[in-house]
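Engineer: Structure below; questions to follow.
The values are calculated or read from the model by the stated rules, or taken from the named source; none is laboratory data. Worth saying up front: this structure is predicted, and the values here are computed from it rather than measured. With ideal geometry, Cβ positions are generated from the backbone for all residues, glycine too; neighbour counts draw on all protein chains shown.
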Amino acid sequence: MSINSSCSRSFNRLEKILIIGNGGRENSLAWAIQKNELVKKVYLIPGNGGSERINKCERIKIDINNKNELIEKIDSLKIDLVVIGPEIPLANGFADFLRKKGFKVFGPGRDGAKLEFSKSWAKEFMQDANIPTANFWKVNSLDEAQKIIYSSSIPLVVKADGLASGKGVFIPNSKDECLRAAETIFNGKFGKSGNVVVLEEKIQGPEVSVFALCDGERYVLLPTAQDHKRLNEKDKGPNTGGMGAYSPTPLLTKNCLDKVIKDIIEPTINELKKKNIVYQGVIYFGLMITKSGPKVIEYNCRFGDPECQTIMPLMDQNFVFLLEKCAMGNLTGDEKMNYSDKVSGCVIATSKGYPNEYKTGFPIKIGKIDSTDCQIFDSGTSLSKSGELLTDGGRVLSIVCQDKDFDVVFEKAYKNLEKINFDGIYFRNDIGHQVRKKFSQEN
Ligand code: AMP
């Protein structure tokens with residue numbers, strides 16, 4: 001899949017791009033951005049052990065919280081576009097800060113990031129815009145939570161209102177479990193993020209991810225994806241940041257996607273405008289396809305990980321123009337996607353113990369891998385003083401491949417995984433089971 005030629009070059013300089021963040025998402029963005037011949041250099045702050053394996057990429061090791069040093073650095077490098085990867089700097093208003101200093105930034109301001117950093121605000125936003133989502137109750141105390149939980153006739157899920165690194169959602173099996181979850185949140189497990197709790201109707205159906213690049217007025221859709229949140233095969237075990245993904249997903253048929261656009265995406269963009277929020281960045285729509293149609297489970301104000309690693313190889317060299325157009329507020333709305341016949345899949349290799357406690361610092365050995373339409377994006381790695389690649393996170397590597405069909409894609413990915421090793425390496429063997437023949441009888 002590629003963005004068609006109507007997304008032509010801009011007239012601004014795009015030689016030097018800065019990406020903020022240190023994960024697989026940021027490395028895959030850097031990889032897609034550097035494909036454009038106008039781009040001479042991609043800087044990552046802080047990046048990770050794999051960033052400098054990517055063509056034209058260089059890490060800058062400064063603390064992004066030291067704003068004066070950062071501004072001096074960006075000024076001296078003459079950065080043409082800043083792309084902010086993770087939610088925390090966005091929620092802290094980092095995009096606003098850079099824009100005020102005159103930089104072109106891809107990433108929403110604090111007002112737009114609220115779609116992600118306050119679940120109750122996002123639910124009220126959807127209510128205002130009549131966007132299909134699970135029913136909800138915003139509660140400020142355990143007493144209030146208790147009353148709703150024990151009077152409710154439907155199963156509920158319990159969520160901390162604020163950012164909680166993907167750990168603030170509980171799916172209880174009983175009312176007592178529900179109450180304990182609310183208690184855990186109110187007792188401060190997530191700090192201020194748990195001052196408010198959202199109780200939500202538990203809904204059912206497969207989950208899919210949709211991404212819209214927005215310039216404050218218009219939007220462009222990227223390929224759809226489905227990720228695997230659970231740690232173990234057959235989608236069992238604890239929730240993780242994501243164990244793998246594939247793109248595009250056949251669950252979003254044309255009819256279903258049309259419905260998503262009409263009932264969810266366009267009302268979201270319109271409601272942002274109505275609330276005077278100039279959203280220049282990506283909106284991630286986490287959707288559940290329920291029996292009564294698609295519903296929003298959550299919004300994110302940044303690319304999902306590992307969906308980003310999965311869809312970046314489907315972008316052509318024009319991708320960076322799209323980011324810049326969003327940052328400038330000048331998408332035309334005609335930047336339509338052309339579907340090629342390639343599909344993409346990503347398998348995440350994690351450290352033993354993830355998503356709970358794990359050790360880091362183990363050497364990573366990567367043998368001779370098949371690099372035909374295959375990429376390895378480092379998610380959590382570092383380099384030792386002697387330059388040896390070491391594990392440095394729960395999710396360590398993203399192994400991504402593209403081909404004509406998903407069976408070949410995952411065959412290549414798993415063959416490459418055989419050539420990769422580090423102490424305690426773990427990955428699921430059934431990523432993409434929804435679209436692989438080998439698993440079709442089980443699904
Ligand atoms: P969130 O961080 O809000 O995306 O929630 C994490 C995961 O919890 C989702 O990917 C779903 O699998 C599950 N979840 C969240 N909200 C609901 C809901 N209302 N009903 C059922 N499952 C949910």
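Engineer: Which members of segment 168-216 meet the condition of being more than 13 Å from the ligand (Cβ to nearest atom), of a type in the set (A, V, I, L, M, F, W, C) and part of a loop (DSSP other than H, G, I, E, B)?
Structural biologist: V196
Engineer: I need the full set of residues from segment 136-167 which are of a type in the set (K, R) and either outside any strand (DSSP E or B) or free of Cβ contacts under 8 Å to residues at least 40 places away in the same chain (or both), in order please.
Structural biologist: K147, K167
Engineer: Could you list, in sequence order, the residues of segment 361-394 that are assigned to a strand (DSSP E or B) and farther than 23 Å from T249 by Cα?
Structural biologist: Hits for segment 361-394 are P363, K365, I366, D378, T381, S382, L383, L389, L390, T391.
Engineer: Confirm whether S247 is modelled with pLDDT of 95 or more, within 13 Å of the ligand (Cβ to nearest atom) and hydroxyl-bearing (S, T, Y).
Structural biologist: Working: modelled with pLDDT of 95 or more: yes; within 13 Å of the ligand (Cβ to nearest atom): no; hydroxyl-bearing (S, T, Y): yes.
When the stated conditions are applied, S247 does not pass them.
Engineer: Using the structure shown, decide if K192 is farther than 20 Å from Y284 by Cα and at pLDDT below 95.
Structural biologist: So K192 passes the test.
Engineer: State the number of residues belonging to segment 248-277 that are among the polar types (S, T, N, Q) and surrounded by fewer than 18 Cβ atoms within 10 Å (Cβ to Cβ).
Structural biologist: 4
Engineer: Would you mention how many residues in segment 395-443 are under 23 Å from L29 (Cβ atoms) and among the basic types (K, R)?
Structural biologist: Adding up the residues that qualify gives 2.
Engineer: Identify the single condition in (1) under 17 Å from the mean Cα position of the chain (by Cα); (2) in a helix (DSSP H, G or I) that E52 does not satisfy, given that it satisfies every other one.
Structural biologist: (1)
Engineer: While we're on this one: Among the candidates E58, E69, single out the residue that is under 23 Å from the mean Cα position of the chain (by Cα) and outside any loop (DSSP other than H, G, I, E, B).
Structural biologist: Testing whether each residue is under 23 Å from the mean Cα position of the chain (by Cα) and outside any loop (DSSP other than H, G, I, E, B) leaves just E58.
Engineer: Another question about this same structure. V82 passes all but one of (1) aliphatic (A, V, I, L, M); (2) touching a helix residue (DSSP H, G or I) at 6+ places or on another chain (Cβ under 9 Å); (3) surrounded by fewer than 20 Cβ atoms within 10 Å (Cβ to Cβ); (4) touching a residue at least 60 places away in the same chain (Cβ under 8 Å); which number fails?
Structural biologist: Going through (1) aliphatic (A, V, I, L, M); (2) touching a helix residue (DSSP H, G or I) at 6+ places or on another chain (Cβ under 9 Å); (3) surrounded by fewer than 20 Cβ atoms within 10 Å (Cβ to Cβ); (4) touching a residue at least 60 places away in the same chain (Cβ under 8 Å) one by one, V82 breaks only (3).
Engineer: Separate question: Taking segment 406-433 as the search range and keeping residues that are touching an Asp or Glu at 6+ places or on another chain (Cβ under 8 Å) and not in a helix (DSSP H, G or I), which one is surrounded by the most Cβ atoms within 10 Å (Cβ to Cβ)?
Structural biologist: Only one residue fits best here, namely R428.
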